[in-house]
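Just below is one structure, and these are the notes that go with it.
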Amino acid sequence: MEHGHQIDGHQVETRNTAHFRHDYRSDGADLRRLYEQAKIDQWNAARDIDWDVPLEGDGGLISDDLVDIHGTRFWGKMSEADRVELNRRITRWRLSTLVQGEHGAMLLCSQLVECVQGQDAKLFQSTQVADEARHNEVLQRYLELRLDGDIYPVGGNVKEIFDTLLSTSSWYLKTIGLQLVAETFAVSLFRMLAESSKDAVLRQVCRRILQDEARHMGFAMLSLPAMVAEASEAEHREMEDFAVWALSRTLGGIFPLAAYQEMGFAKADLDEIKQFRRERAAGGDETAFRKYFRRDLHDGLVRNLRKVGLLSERIAPNLQSFGIKLAA
Ligand SMILES: [Fe+2]
Ligand SMILES: [Fe+2]
């Protein structure tokens with residue numbers, strides 16, 4: 001956190017073309033329905049979450065299953081109090097990347113309001129700006145309610161994804177990165193957190209966000225197929241490659257190193273934990289929630305990429321290299 005007159009944040013140079021419409025008649029029945037749904041589904045982070053519900057249990061917030069070292073000898077050696085402390089730090093770390101991602105999504109959708117051309121696409125994107133603002137707000141409120149201390153600095157992949165999407169000028173690449181890849185990921189992640197978290201308030205927050213993310217993913221499903229179908233061969237390749245890039249950054253995952261360092265883990269231990277994490281991600285034994293999350297996510301990605309027309313023979317090997325099974 002920077003102090004004094006300097007404002008905490010970073011700049012991204014962008015070049016965006018605003019399309020000012022002169023015709024405001026509805027031009028897409030499906031997108032209009034999504035827009036109508038978005039207006040009905042608006043909720044208020046200040047009022048619609050039961051912020052007063054006390055935290056029950058041992059003080060941990062996410063499921064211990066989701067802490068990387070759960071079930072390893074490192075976990076076995078820790079005191080009860082340290083396990084709770086690690087759980088809380090990992091939660092703060094995870095929610096830090098999410099609250100930053102929601103902010104990035106809000107900036108990106110404000111660009112999409114300008115650069116998409118369709119009337120209903122513009123109206124829908126304006127609702128997504130407000131949705132992402134609420135997500136940023138609700139996660140920050142949660143962090144302040146349950147976890148003290150600053151958020152962790154913006155993680156490498158999150159920063160790279162949003163800086164790239166913000167400085168890309170074409171709407172369909174922004175949408176492939178955000179609504180197709182990142183938000184298909186978000187739907188699976190928030191679904192898992194809504195079901196597995198130890199804190200009833202966190203489960204509520206995630207259920208609310210999930211409802212909106214499903215709609216955002218829907219924007220990709222409705223807007224991309226026509227674009228993909230009409231694309232030239234070069235454009236098609238560009239879109240496929242961009243999807244592969246976004247997948248690699250989204251699925252690459254980021255290790256909550258700072259949380260472990262703060263708990264006093266030594267360098268050698270951290271190397272072993274990272275190795276264990278890689279092996280497990282490559283198909284070793286996984287805990288129930290992780291397994292469920294991975295299957296849900298991979299199924300969602302395959303279904304959505306196929307639906308918009310971007311799952312080609314050409315990129316199939318890339319998906320397989322990420323551990324995604326394409327059968328059926
Ligand atoms: Fe969001
Ligand atoms: Fe979203």
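Identify the residue in the range 68-96 that is among the polar types (S, T, N, Q) and surrounded by fewer than 20 Cβ atoms within 10 Å (Cβ to Cβ) and, among all such residues, is nearest to ligand 2 (Cβ to nearest atom). Going through the qualifying residues, I end up with Thr72.
Number of residues in the range 128-154 that are among the hydrophobic types (A, V, I, L, M, F, W, C), away from ligand 1 (no atom under 15 Å from the Cβ) and open to solvent by 20 Å² or more (accessible area, probe 1.4 Å): the value is 3.
In the range 215-238, the residues that are of a type in the set (A, V, I, L, M, F, W, C) form Cβ pairs under 8 Å with partners that are not in a helix (DSSP H, G or I), at six or more places apart or across chains, as follows: Leu222/Gly28; Leu224/Gly309; Leu224/Leu310; Val228/Gly309; Val228/Leu310; Ala229/Gly309. Out of all the residues in the range 28-49, is one or more in contact (Cβ under 8 Å) with a residue 40 or more places away in the chain, within 23 Å of the chain's Cα centre (by Cα), in a helix (DSSP H, G or I) and surrounded by fewer than 18 Cβ atoms within 10 Å (Cβ to Cβ)? Yes. For the range 161-184, the set of residues classified as small (Gly, Ala, Ser), closer than 20 Å to Ala231 by Cα and within 13 Å of ligand 2 (Cβ to nearest atom) consists of Gly177 only. Considered as a group, the residues in the range 188-201 that are among the hydrophobic types (A, V, I, L, M, F, W, C) and surrounded by fewer than 24 Cβ atoms within 10 Å (Cβ to Cβ) include one that is farthest from ligand 2 (Cβ to nearest atom), and that residue is Ala200.
Inspection of the range 217-234 finds a residue satisfying the criterion of being polar (S, T, N, Q), open to solvent by less than 30 Å² (accessible area, probe 1.4 Å) and farther than 18 Å from Gln100 by Cβ. Looking across the range 62-112, the residues that are within 16 Å of ligand 1 (Cβ to nearest atom) and over 16 Å from the mean Cα position of the chain (by Cα) come down to Ser110, Gln111, Leu112.
The values are calculated or read from the model by the stated rules, or taken from the named source; none is laboratory data. Quick caveat: nothing in here was measured; it's all calculated off a predicted structure. We place every Cβ from the backbone using ideal geometry, glycine too, and count neighbours over all the protein chains shown. We work out accessible area using only protein heavy atoms, side chains counted, and drop any ligands, DNA or RNA first. Shrake-Rupley method; radii C 1.70, N 1.55, O 1.52, S 1.80 Å.
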